[in-house]
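Below is one structure; the comments refer to it alone.
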Amino acid sequence: MVKQFQGKKVLLMGLGLHGGALAVLEWLLKNKAILTVTDLKNRSQLRPALDKIKFFKGSEHIRYTLGRHDVRDFKDQDLIIQNPGVPRDSIYLAEAKKNNIPIINEAVMFFGLYPGRSIGVTGTRGKSSTATLIHQIIKTEIKSNVVTGNIATSPMLAALDKLKVKSLPVVELSSWQLEKMDEYRVSPHIAVVTNVLKDHLNTYANFAAYKNAKRAIVRHQVKSDICVLNFDNTHSRSFVKDTKARVYFYSTGQKVKGAYLAKGNICFYNGRKSRVIMSAGEFKLLGEHNLQNALAAIAVAKIVGIKDKNIAKAVSRFKGVDYRLQYKANIDGVDIYNDSTATNPDATIAALRALAGKKILLIAGGMDKNMDYRLLAREIKKGKVFLLLLDGSASDKLLLELRRIRFPKSRMIVGLPSLEKAWGLAWVNSRGADCLLLSPAAASFNMFINEFDRARQFDKLINDSQKKKK
């Protein structure tokens, strides 16, 4: 497949600012593609990315169409690479299809270019944590392994050259990446589904459409492949009927073929006999959702033959992934957690349950993704929660649900215009609090570049506060 790019005219649609497209662009330059880059953002907006591209060998030959798209760019190409954020119904992609130009994404490229076996992980929640832990376990025995994909730290094409045929790369996959893989009938050799929950309903027609996109991870597997599903989530469990692969489950509630919890131990059942892998107490992260992620990772590790002692060592040392209910500091006796990647109500509910019994200062709110906030409102009311609600369309919906169940006005401050304002008011109301939790239950785009920008701004508030204490 590499030679297929040499001398071919390739259009990169959507450059963006966050690294994935840059890795694809650099790889294409190395492999002698003739590149055109188009993005609706202008040169000024894309300056951070463009400044990096200058250092790529051959970058002087790239042709740019920026601040707009030009339909002529979509008529004379050998290949178009569609990046995240480009809408499915783009008139420009429709023009490319009319001209019989293949349209792929980074995930299709990766699976087409890497000849070895791979592990794909998807799910509404927990996919980054699960993918990272699987990688850390496997790396105890396969030193060349990588974790890549939708996870923000490691673009797929940047990881490609680090791999050897015996590697077992762990690839985190979003529903958007899976949609294009589905078109090309691509599924990973080992597919893991952590859960399927209501999310991204601002970009999908309904939950069924979103669930169908996730289903693509198992749809094109063959009999020699392996599928690992969360038995405790009804929707992920239902994928068993969509795959030809050998199926394993994981569960915190009952014995399954796969990894499960029994009498405080994490066990694995291969269909013939069970064995204890480690005590659940050795896993340090809070919350049942994190324990489920660990079970998923252990199931995969056992299936690929990692030794029990190496599994236990990696799991016991796992500190989680940045901005997923991440413990940051203790200030004036208050534990602070950064859970900025909680972009839907289910994620924030999981965080509140992980901290159950504690008096929580909760900073939440943001932009709506057509989500239902009734269950989150009930969870907030039944807990010991003081709510600081940022401005946003999701915040308006949550506030409406809180008012419907008569959540006391004395336990919340609403309409906060900035994270800095919420932080300051949290400390004004911190008497008796055990922890301060940023867990927005919403998208971030009304105030921030993305959830990682939101997380970093929260970290800065923590660090600045610590410096003042010294």
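The values are calculated or read from the model by the stated rules, or taken from the named source; none is laboratory data. Model, not experiment: these values are computed from the prediction. Cβ coordinates were reconstructed from backbone atoms using ideal geometry, including for glycine residues, and neighbour counts include every protein chain displayed.
Cβ contacts < 8 Å: first residue touching a residue at least 60 places away in the same chain (Cβ under 8 Å), restricted to region 213-238; second residue assigned to a loop (DSSP other than H, G, I, E, B) and hydroxyl-bearing (Ser, Thr, Tyr), any location; separation 6+ or different chain. Result? Every condition considered, the pairs that remain are 214/124; 217/187; 230/194; 232/252; 236/194. Selection within region 299-334: residues that are at negative phi and in contact with a Gly (Cβ under 7 Å, 6 or more places away or on another chain). The member of this set that is modelled with the lowest pLDDT is 326.
Quick check on this structure: which one of 140, 132 is at negative phi, modelled with pLDDT of 95 or more and crowded, with 20+ Cβ neighbours inside 10 Å? Write out each step before concluding.
Values: 140 fails: crowded, with 20+ Cβ neighbours inside 10 Å.
That would be 132, the only listed residue that is at negative phi, modelled with pLDDT of 95 or more and crowded, with 20+ Cβ neighbours inside 10 Å.
For region 282-296, residues that are modelled with pLDDT of 95 or more and of a type in the set (Gly, Ala, Ser) total 2.
Is it fair to say residue 388 is touching a helix residue (DSSP H, G or I) at 6+ places or on another chain (Cβ under 6 Å), closer than 24 Å to residue 453 by Cα and either among the β-branched types (Val, Ile, Thr) or surrounded by 15 or more Cβ atoms within 10 Å (Cβ to Cβ) (or both)?
Values: touching a helix residue (DSSP H, G or I) at 6+ places or on another chain (Cβ under 6 Å): yes; closer than 24 Å to residue 453 by Cα: yes; either among the β-branched types (Val, Ile, Thr) or surrounded by 15 or more Cβ atoms within 10 Å (Cβ to Cβ) (or both): yes.
When the stated conditions are applied, residue 388 passes them.
Determine, yes or no, whether residue 418 is touching a Phe, Trp or Tyr at 6+ places or on another chain (Cβ under 7 Å), among the small types (Gly, Ala, Ser) and closer than 22 Å to residue 453 by Cβ.
Details: touching a Phe, Trp or Tyr at 6+ places or on another chain (Cβ under 7 Å): no; among the small types (Gly, Ala, Ser): yes; closer than 22 Å to residue 453 by Cβ: yes.
Considered against the rule, which asks whether it is touching a Phe, Trp or Tyr at 6+ places or on another chain (Cβ under 7 Å), among the small types (Gly, Ala, Ser) and closer than 22 Å to residue 453 by Cβ, residue 418 comes out as no.
Conditions tested, residue by residue: (1) of a type in the set (A, V, I, L, M, F, W, C); (2) more than 18 Å from the chain's Cα centre (by Cα).
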{"site": "46", "(1), (2)": "yes, yes"}
{"site": "87", "(1), (2)": "no, yes"}
{"site": "92", "(1), (2)": "no, yes"}
{"site": "95", "(1), (2)": "no, yes"}
{"site": "123", "(1), (2)": "no, no"}
{"site": "133", "(1), (2)": "yes, no"}
{"site": "144", "(1), (2)": "no, yes"}
{"site": "157", "(1), (2)": "yes, no"}
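When we screen 125, 185 for residues that are of a type in the set (Lys, Arg) and either within 17 Å of residue 219 (Cβ to Cβ) or without any contact (Cβ under 8 Å) to a residue 24 or more places away in the chain (or both), the only hit is 185. Contact map, region 19-32: residues that are under 14 Å from residue 150 (Cα atoms) paired with residues that are outside any helix (DSSP H, G or I) and modelled with pLDDT of 90 or more, Cβ distance under 8 Å, separation 6+ or inter-chain. Pairs shown: 21/12; 21/14; 24/12; 24/81. Just so you know, in region 329-369 the residues that are in a strand (DSSP E or B) and not aliphatic (A, V, I, L, M) include one that is nearest to residue 447 (Cα to Cα), and it is 338. Restricting attention to region 229-249, the residues that are buried (at least 16 other Cβ atoms within 10 Å of the Cβ) and closer than 17 Å to residue 197 by Cα total 9.
The set of residues from region 358-394 being under 16 Å from residue 201 (Cα atoms), hydrophobic (A, V, I, L, M, F, W, C) and in contact with a Gly (Cβ under 6 Å, 6 or more places away or on another chain) comprises 367, 394.
If you take the residues in region 374-384 that are farther than 15 Å from residue 441 by Cα and not small (Gly, Ala, Ser), which one is surrounded by the fewest Cβ atoms within 10 Å (Cβ to Cβ)? Before you say what the answer is, go through the steps one by one.
Step one: filter region 374-384 for residues farther than 15 Å from residue 441 by Cα, giving 381-384.
This time we only want the ones that are not small (Gly, Ala, Ser), so: 381-382, 384.
On the way: 381: 16, 382: 11, 384: 15.
The selected residue is 382.
Residues 112, 116: which one is part of a helix (DSSP H, G or I), outside the structural domain of residue 350 (by TED's automatic domain parsing), over 20 Å from the mean Cα position of the chain (by Cα) and not polar (S, T, N, Q)?
Values: 116 fails: part of a helix (DSSP H, G or I).
Answer to the selection: 112.
Considering region 46-57, and only residues there that are surrounded by 15 or more Cβ atoms within 10 Å (Cβ to Cβ) and assigned to a loop (DSSP other than H, G, I, E, B), the residue that is modelled with the lowest pLDDT turns out to be 46. Taking the listed residues 411, 431, the one that is free of Cβ contacts under 8 Å to residues at least 60 places away in the same chain, touching a helix residue (DSSP H, G or I) at 6+ places or on another chain (Cβ under 9 Å) and surrounded by fewer than 16 Cβ atoms within 10 Å (Cβ to Cβ) is 411, with no other qualifying.
Tallying residues that are surrounded by fewer than 16 Cβ atoms within 10 Å (Cβ to Cβ) and not in a helix (DSSP H, G or I) within region 190-224 yields 7.
Take the conditions (1) of a type in the set (D, E, K, R); (2) on the phi < 0 side of the Ramachandran plot; (3) at pLDDT 90 or above; residue 32 misses just one of them, which is (2). Criterion applied to 86, 71, 24 was being under 20 Å from residue 181 (Cα atoms) and touching an Asp or Glu at 6+ places or on another chain (Cβ under 6 Å), and the one residue passing it is 24.
Residues that are of a type outside the set (Val, Ile, Thr) and modelled with pLDDT under 95: find the helices (runs of 4 or more DSSP H) completely inside region 388-470 holding 3 or more of those. Lay out the reasoning, then the answer.
Values: elements: 393-404, 419-428, 451-469.
Qualifying helices (runs of 4 or more DSSP H): 451-469.
The condition (being of a type in the set (Lys, Arg) and surrounded by 15 or more Cβ atoms within 10 Å (Cβ to Cβ)) is satisfied by just one residue among 273, 313, 263, 284: 313.
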